[in-house]
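Okay, so here's the structure we're looking at.
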Amino acid sequence: MPKKQFLRESKSKSKHAPKAPTTADEWLAEGVDFEEAGEKWRGGDATKSMRFFGKAIDAYETGLRNFPDSFDLAYNIARLRYEVTQYPKLLKQLPHGTWTLASLLQQALDSSRAAINLKADDADAQFNTGQILSSLAAEVAANSIFQGSEDTTSCSLLEEAVGFFNRCFAIQQAEFAKFEEQIASANASASSEQTETEDAKQPAAQGASSDITSQNQSGKEEQWVSVREPVTRNDVLDTIIALVETLSTLCSRSSRLGGGQAPKFLHTVEEIGTPTLREQLSSLSQLTERGLDGAIAQASLISAVSEAKYRMGLPGNDFEAYINNIKTAWSNIDLQNHAQGLWNRAETFTTASQAISDHDGQLGSGSSSTISKITKLQWEAYSLAATDLTTASKFRDDDNIGKIFITRGDIELLRAALGRGSNAFPAAQKNQEILIKNAEKYYRGAKVLTESSREKEENEEATVKEAVVKGLLGDSSALGAVRSSVGRMDEILRDAVNDGLFDEGLLASLPLNCEVTTYQGLALP
C-alpha cells in the first residue's frame, strides 16, 4: 500500500491577474488565481473548492486554445486534472453518472501527453505523466468491467509509467550535475575576487535595484519570466523511489499473467532495476537523510522480483528460497516507527504465503514432509505479517488505520484456513476458533475507526466481514441489516472468497441471499 505522492507546483504564479486576459501569461495568471482559491477551500467547502478548480481549468483551456504553444498552460491543465482525482470529496461534486475515475485519469493523461509534446525535456511533466499512468493502472486493475483483461492492460500502463519515470530520472541527473558545476564555478569565481572590497560591491547592488524599480514604473507592459528552481537531491530521490516502486508493482502484478507475458515484463524490470540503480537509490537516500525511504523501496523491489521468479518456476526459486529472499531483504530495516513501512513488509509476507496457494499442485503431489514444510513457511509468513500489522495498528492517526485493522482480520482468517483439510497445519488447526474470533475483533475495530471518516468503502468492508464472521460463529442476527445497508455486499463477499478468506460451502449456510465464486478458503471445525 504504497503512499500516494502529490504533483509538482504550478510553473508560474501571479497574484494580480488582469480582468480581461489577452496573453498566454495573463490566462495562466487567471487560472492560477482560481486554483489558489480552490486550494483555500479544499479542506472545508468541497463544493466551493471544486467550483474554483473548474474555473481554473476553464481559464487554462481557453488560454491554450488561443495560445496552443504555451507549455505552462498545457502543463497546468494536466496537473490540476490529476490532482482533482486524488480527492474523493472533490469527485463527489461532479454530476453523478457523467464520469468514472478511469475516464478522468485518461483525460489527465491525454493532457499530460500534450504538454510533453510541447516540451519533451521537462522533468516535471515526465514525472507527472508517470504518476497519472500509475494511478490509471491501479484503477484498471481494480475495475471489474474489464473482465479478465485488467492485469494485462494494467501492466502495460505500468511499463509505460516506468519509461516516463526513467526519463525524468535521466533529465534530473543531468540538470543536477549541471547545477553542481555552476555552483563550483561560482565558488571559484567568488574566491578569485576576494581582493574586491565591500565598498566597491555595495553601489553596484544599489544600482541594479534602481534599474528594476525604474522598469516597474516605466508604464511598459510587464514581462513574465519563468523562474525554474534548481533540481535538488530530494527531487532526484523522489523520482528514483517512484521508479523503483512502479517497477515493484509491475513485477508483482505481471507475475500472475499467463501466455508467456510475465517473462517480458520481468525483463523490463531487471533491465531498468539494475544493481547500479539500487546503488544510486541507497546513496541518494543516505545523502538526503532519507535512508529508511530508500531501504523500504529497495526491499520491496527485491521481494517483487523474488515473487515473480517463484511464480514463473525459475530454477533456484522454490518457495523456501522465496521466503528466505524476502526475509533477508527486510531483515536490517528498523520499522518500529514507520507505519507505511510496516504495512509494506506485512503485505510482502502475506503475498508470499498466498503465492503458494496459487500453486496448490505442490500440496497435492508433494511428499508429506514437503507439504509440512510449505504449510509451516506459510504459517510463519502470515505470523510475521500479523506482527508487523499489530505494531502498525498503534499509529491511530495514520490515514490507513482502517485498512490496517481490516488486513489484521484477513490474516487471522488466512491463518485459520491453513488448519483445514488433510494438509492441515497443526497450530492453525488447534487455534482456529481463537483466530476467527480475533478476526471478528479486528473487523469490529476497523468499523469503529472508520465510522466518522471519509473511508466509506473501508467501513462497509469491515461491516460485512464482521457480520459474516459472526455468522460463521453462530450469530447471524446482523446479516439482514447489513444486507439492507451495504449495497456492495455481494462485491465484498466475492472478493473475500477469491482472496481465500471464506469458503462458498460455509457461506451457503448463512442467510446471505447472494452468490459467490468457489475458492479454497476457511473451514470451521
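What follows is calculated from the coordinates using simple rules that are stated; it is not laboratory data. None of these values were measured; they are calculated from a predicted model. In this analysis, Cβ positions are derived from the backbone assuming ideal geometry, glycine residues included, and neighbour counts consider all displayed protein chains.
Set the Förster distance to 41 Å, then compute FRET efficiency between residue 117 and residue 398 from the Cβ-Cβ distance, nearest 0.05.
Values: r = 40 Å, r/R0 = 0.97.
The computed FRET efficiency comes out at 0.55.
Expected output is a single nm value to one decimal: the length gained when fully extending between residue 473 and residue 270, i.e. 0.36 nm times separation in residues minus the C-alpha distance. What is it? Intermediate values should be presented prior to the final figure.
Details: separation 203, 0.36 × 203 = 73.08 nm, distance 4.72 nm.
Here the answer is 68.4 nm.
So if I place +1 on the C-beta of Lys and Arg and -1 on the C-beta of Asp and Glu, and nothing else carries charge, what would the dipole magnitude of the stretch 337-525 be about its Cα centre? I want it in debye, nearest 20. If you can, show how the numbers build up before the last one.
Working: 21 positive and 27 negative charges, 120 e Å.
Using Cβ point charges on Lys, Arg, Asp and Glu, the stretch 337-525 gives about 580 debye.
Putting +1 on Lys and Arg Cβ atoms and -1 on Asp and Glu Cβ atoms, find which of 502, 476, 439 reaches farthest to the positive end of the dipole of the stretch 337-525.
Highest projection toward the positive end goes to 439.
Modelling each spin label as a point 7 Å along the Cα-to-Cβ direction, I'd like the residue 143/residue 481 distance in nm, to one decimal.
Here the modelled spin labels are 3.6 nm apart.
If R₀ is 45 angstrom, what is the calculated FRET efficiency for the pair residue 99 and residue 423, using the beta carbon separation as r and rounding to 0.05?
Values: r = 48 Å, r/R0 = 1.06.
Here the calculated transfer efficiency is 0.40.
If you stretched the chain out fully between residue 106 and residue 67, how much longer would it get, using 0.36 nm times the residue separation minus the C-alpha to C-alpha distance? Please list the in-between numbers first.
Details: separation 39, 0.36 × 39 = 14.04 nm, distance 2.31 nm.
Taking 0.36 nm per residue and subtracting the Cα distance, the gain is 11.7 nm.
Between the stretch 276-351 and the stretch 114-142, what's the alpha-carbon centroid distance in Å?
25
Go through 48/92; 40/456; 437/465; 89/456 and tell me which ones have a Cα-Cα distance over 20 Å in this structure. Please list the in-between numbers first.
Working: 48/92 12 Å; 40/456 25 Å; 437/465 12 Å; 89/456 11 Å.
Exceeds cut-off: 40/456.
If Lys and Arg each add +1 and Asp and Glu each add -1, what is the summed charge of the other residues whose beta carbon sits under 12 Å from the beta carbon of residue 336? Present the calculation step by step, with values, prior to reporting the outcome.
Working: positive: 345, 394; negative: 334, 388.
Around residue 336, the surrounding residues sum to 0.
Sum up the charges of everything whose Cβ sits under 9 Å from the Cβ of residue 24, counting Lys and Arg as +1 and Asp and Glu as -1, but leave residue 24 out. Display every interim value, and only then the final one.
Values: positive: none; negative: 25, 26, 69, 72.
Spelling it out: positives minus negatives among the neighbours equals -4.
List the extent of the Cα atoms of the stretch 337-525 along each of their three principal axes, largest first, rounded to whole Å.
That gives 50, 43, 24 Å along the principal axes, largest extent first.
Shape verdict for the stretch 46-143, please, from the Cα gyration tensor: rounded (a/c under 1.5), prolate (a/b greater than b/c) or oblate.
Values: a/c = 2.20, a/b = 1.22, b/c = 1.81.
Judged from the Cα gyration tensor, the stretch 46-143 comes out oblate (a/c at least 1.5, b/c at or above a/b).
How would you classify the stretch 18-60 from its alpha-carbon gyration tensor, with a ≥ b ≥ c the square roots of the eigenvalues: rounded for a/c under 1.5, else prolate if a/b is greater than b/c, otherwise oblate?
Details: a/c = 3.27, a/b = 2.66, b/c = 1.23.
Prolate, since a/c reaches 1.5 and a/b exceeds b/c.
How many nm is it between the label spots at residue 173 and residue 86, if each spot is 7 Å from the Cα in line with the beta carbon?
2.6
Kindly list the residues of the stretch 451-478 that lie in the label zone of residue 506, defined by a backbone N under 18 Å from the point 7 Å along the Cα-to-C-beta vector.
462-478
Evaluate E = 1/(1 + (r/R0)^6) for residue 233 and residue 20, where r is the Cβ-Cβ distance and R0 equals 45 Å; express this FRET efficiency to the nearest 0.05.
On the way: r = 43 Å, r/R0 = 0.97.
Between residue 233 and residue 20 the formula returns 0.55.
Highest mean first, how do 423-436, 295-308, 103-116, 130-143 rank when packing is the count of other Cβ atoms within 10 Å averaged over residues?
Values: 423-436: 16.9, 295-308: 24.2, 103-116: 20.1, 130-143: 22.3.
Descending mean neighbour count gives 295-308, 130-143, 103-116, 423-436.
Under the 0.36 nm per residue contour assumption, what length would be gained going from the current alpha-carbon distance of residue 448 and residue 490 to full extension? Working shown, then result.
On the way: separation 42, 0.36 × 42 = 15.12 nm, distance 2.17 nm.
Between residue 448 and residue 490, full extension yields 13.0 nm more.
Name the residue from 314, 338, 292 whose Cα lies farthest towards the positive end of the charge dipole of the stretch 281-384, charges +1 on Cβ of Lys and Arg and -1 on Cβ of Asp and Glu.
Looking along the dipole axis, the top candidate is 314.
What nm value, rounded to one decimal, do you get for the distance between residue 354 and residue 153 when each label is placed 7 Å out toward the C-beta?
Distance between label points: 2.1 nm.
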